[in-house]
1. Please tell me if Lys115 is of a type in the set (Lys, Arg), under 20 Å from Ser147 (Cα atoms) and in contact with a strand residue (DSSP E or B) (Cβ under 9 Å, 6 or more places away or on another chain).
2. Any residue that is surrounded by fewer than 19 Cβ atoms within 10 Å (Cβ to Cβ), within 19 Å of Val5 (Cα to Cα) and in contact with a Ser or Thr (Cβ under 8 Å, 6 or more places away or on another chain) - is there at least one of those in segment 110-128?
3. In the set Thr50, Thr61, Thr123, which member is closer than 30 Å to Val14 by Cβ, of a type outside the set (Phe, Trp, Tyr) and more than 12 Å from the chain's Cα centre (by Cα)?
4. Among the residues of segment 128-155, write down those that are of a type in the set (Phe, Trp, Tyr) and in a strand (DSSP E or B).
5. Between Lys130, Lys115, which is basic (Lys, Arg), more than 18 Å from Asp46 (Cβ to Cβ) and modelled with pLDDT of 90 or more?
6. Tally the residues that are surrounded by fewer than 18 Cβ atoms within 10 Å (Cβ to Cβ) and either aliphatic (A, V, I, L, M) or modelled with pLDDT under 75 (or both), restricting the search to segment 53-71.
7. Given (1) surrounded by fewer than 17 Cβ atoms within 10 Å (Cβ to Cβ); (2) closer than 21 Å to Pro47 by Cβ; (3) of a type in the set (Asp, Glu), identify the lone condition not met by Asp148.
8. Of the numbered conditions (1) over 18 Å from Ser66 (Cα atoms); (2) free of Cβ contacts under 8 Å to residues at least 60 places away in the same chain; (3) not aromatic (Phe, Trp, Tyr), Ile133 fails exactly one; give the number of that condition.
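The values are calculated or read from the model by the stated rules, or taken from the named source; none is laboratory data. Just so we're clear, the structure is a prediction, and the values are computed from it rather than from any experiment. Note: ideal-geometry Cβ built from the backbone for every residue, glycine included; neighbour counts use all protein chains shown.
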Amino acid sequence: MGLTVTAYAGLTPVPDWMHPEDLRKLAPSMFLFLPGNHEPLNGMADPLETGDYYGAKADFTFNAGSYDAYNRWRKDLYALASDQREDWSGPFYELINFSDCEGTIGTTACVKLRKDFDRLYSTAARVLPKKGIALYRQFWRAFELASDGGAVVFH
């Protein structure tokens, strides 16, 4: 058990007249429901609306490891990107300060995070351990995909 991450691209709201359960049977991996109880961190799910159903053009799922390993990786990411100030809000801020178990990061934050992953890849490749850079690449791919009108969901 651990953190599973799914990235979606090309999310479009499912019209009210379509029954969401029928869609789930047709393409379970290409379907997202943003529960009303997902409390997005300061608009992190923008532009998605809680309680709505979305269809996706593409998706990508990976296991980010145990919660402990994921949190160690986030600490390494913070050390890589920050100036160690308490009020820091630089690269990867949205990911580092996001829930480590569930939630949705919408397109707006995904675009910013993809740019962060692009910009700091060469530094990450030099300082992160082998498993750390492998996870970096998976998140990079997820945010790249989700930058196309999508979202990244932690579950």
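1. Values: of a type in the set (Lys, Arg): yes; under 20 Å from Ser147 (Cα atoms): yes; in contact with a strand residue (DSSP E or B) (Cβ under 9 Å, 6 or more places away or on another chain): no.
Criteria not met by Lys115.
2. Among the residues of segment 110-128, at least one is surrounded by fewer than 19 Cβ atoms within 10 Å (Cβ to Cβ), within 19 Å of Val5 (Cα to Cα) and in contact with a Ser or Thr (Cβ under 8 Å, 6 or more places away or on another chain), which makes the answer yes.
3. Details: Thr61 fails: more than 12 Å from the chain's Cα centre (by Cα); Thr123 fails: closer than 30 Å to Val14 by Cβ.
Of Thr50, Thr61, Thr123, the one residue that is closer than 30 Å to Val14 by Cβ, of a type outside the set (Phe, Trp, Tyr) and more than 12 Å from the chain's Cα centre (by Cα) is Thr50.
4. Here is the first cut: in segment 128-155, the residues of a type in the set (Phe, Trp, Tyr) are 136, 139-140, 143, 154.
Matches in segment 128-155: Phe154 only.
5. Working: Lys115 fails: more than 18 Å from Asp46 (Cβ to Cβ).
Residue meeting the stated conditions: Lys130.
6. 2
7. Just one mismatch for Asp148, condition (1).
8. The one condition Ile133 does not meet is (1).
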